[in-house]
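Below is one structure, written out as structure tokens; the observations come after it.
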């Protein structure tokens with residue numbers, strides 16, 4: 001009985017110490033900053049920050065709120081000083097995002113852009129905004145990077161998924177195919193004098209028309225020009 005009693009007292013003491021620590025550590029960090037407990041910070045630090053946030057190394061309270069983690073308001077307060085994010089068509093959608101940590105992750109090492117794009121985060125935001133299951137408007141973000149140049153319209157989801165741009169089961173037509181223009185639209189330069197002055201000269205195909213892609217290009221890459229090799233032309 002005496003042993004059991006001592007064991008119970010020991011457990012109570014340990015529980016009390018743990019409770020005090022759980023209260024004291026957040027309060028101390030909240031009042032004095034993370035530098036007040038350097039040993040604690042090094043013990044719980046999950047990994048180095050990215051290059052972009054390296055200047056915040058050791059200043060946990062700059063992003064983290066005690067007992068609440070990271071709040072989007074904290075990120076916005078800092079990044080609002082970069083208005084170009086909202087001006088660029090490809091990133092303007094950030095104006096309505098209130099869940100930064102869903103796509104932007106930190107403590108993953110010295111990477112330049114700590115991004116792990118998760119379209120489901122955008123879906124949740126759209127659903128909350130409309131109150132219903134709303135499909136994403138792919139063009140609102142991807143229009144500036146549309147490699148199809150508008151050739152296939154705006155219904156990206158008819159071919160692509162949100163997890164992988166590669167189309168499952170897609171097989172490019174034979175290299176001998178001459179129907180390239182059914183799917184491929186020429187870049188704007190091909191509809192100007194650039195095509196006559198540069199593209200024909202590079203390929204050696206002086207009689208080629210803009211819609212005769214097969215005369216110059218190969219199917220493994222548009223930059224692989226017949227008889228020339230890889231040339232960065234687009």
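The values are calculated or read from the model by the stated rules, or taken from the named source; none is laboratory data. Since we're looking at a predicted model, the values are computed, not measured. Please note: Cβ atoms are built from the backbone with ideal geometry, for glycine as well, and neighbour counts cover all protein chains shown.
Being in the same structural domain as residue 51 (by TED's automatic domain parsing) and either loosely packed, with under 13 Cβ neighbours inside 10 Å or over 20 Å from residue 157 (Cβ atoms) (or both) is true for just one of 123, 106. Which residue is that?
The conditions single out 106.
Could you tell me which numbered condition residue 191 fails, if it satisfies all but one of (1) touching a helix residue (DSSP H, G or I) at 6+ places or on another chain (Cβ under 7 Å); (2) farther than 22 Å from residue 173 by Cβ; (3) at pLDDT 80 or above?
Single failed check for residue 191: (1).
Looking for something in contact (Cβ under 8 Å) with a residue 12 or more places away in the chain, part of a loop (DSSP other than H, G, I, E, B), under 27 Å from the mean Cα position of the chain (by Cα) and within 30 Å of residue 116 (Cβ to Cβ) - is there at least one such residue anywhere in segment 224-234?
Within segment 224-234, one or more residues are in contact (Cβ under 8 Å) with a residue 12 or more places away in the chain, part of a loop (DSSP other than H, G, I, E, B), under 27 Å from the mean Cα position of the chain (by Cα) and within 30 Å of residue 116 (Cβ to Cβ).
Out of (1) modelled with pLDDT of 80 or more; (2) in contact with a helix residue (DSSP H, G or I) (Cβ under 7 Å, 6 or more places away or on another chain); (3) more than 30 Å from residue 117 (Cβ to Cβ), the odd one out for residue 184 is which?
Answer for residue 184: the failing condition is (3).
State all residues of segment 66-83 that are assigned to a helix (DSSP H, G or I) and either under 17 Å from residue 102 (Cβ atoms) or at pLDDT below 75 (or both); if no residue qualifies, say none.
Once the filter is applied, which keeps residues that are assigned to a helix (DSSP H, G or I) and either under 17 Å from residue 102 (Cβ atoms) or at pLDDT below 75 (or both), segment 66-83 yields 72, 73, 74, 75, 76, 79.
Do we have any residue at all in segment 147-170 that's farther than 30 Å from residue 59 by Cα, in the same structural domain as residue 70 (by TED's automatic domain parsing) and either in contact with a helix residue (DSSP H, G or I) (Cβ under 7 Å, 6 or more places away or on another chain) or surrounded by 14 or more Cβ atoms within 10 Å (Cβ to Cβ) (or both)?
The answer is no, given that none of the residues of segment 147-170 is farther than 30 Å from residue 59 by Cα, in the same structural domain as residue 70 (by TED's automatic domain parsing) and either in contact with a helix residue (DSSP H, G or I) (Cβ under 7 Å, 6 or more places away or on another chain) or surrounded by 14 or more Cβ atoms within 10 Å (Cβ to Cβ) (or both).
Among the numbered criteria (1) assigned to a loop (DSSP other than H, G, I, E, B); (2) under 17 Å from the mean Cα position of the chain (by Cα); (3) farther than 27 Å from residue 48 by Cα, which single criterion is violated by residue 125?
Only one criterion is unmet by residue 125, namely (1).
Conditions tested, residue by residue: (1) surrounded by 14 or more Cβ atoms within 10 Å (Cβ to Cβ); (2) within 18 Å of residue 148 (Cα to Cα).
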{"position": "179", "(1), (2)": "no, yes"}
{"position": "182", "(1), (2)": "no, yes"}
{"position": "186", "(1), (2)": "yes, yes"}
{"position": "190", "(1), (2)": "yes, yes"}
{"position": "196", "(1), (2)": "no, no"}
{"position": "199", "(1), (2)": "yes, no"}
{"position": "212", "(1), (2)": "yes, yes"}
{"position": "218", "(1), (2)": "yes, yes"}
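Can you name the condition, by its number, that residue 73 falls short on among (1) under 24 Å from residue 46 (Cα atoms); (2) in contact with a helix residue (DSSP H, G or I) (Cβ under 9 Å, 6 or more places away or on another chain)?
(2)
If I filter segment 137-145 for residues that are over 30 Å from residue 49 (Cα atoms), part of a loop (DSSP other than H, G, I, E, B) and at pLDDT 80 or above, do I get at least one hit?
Yes, that holds for at least one residue.
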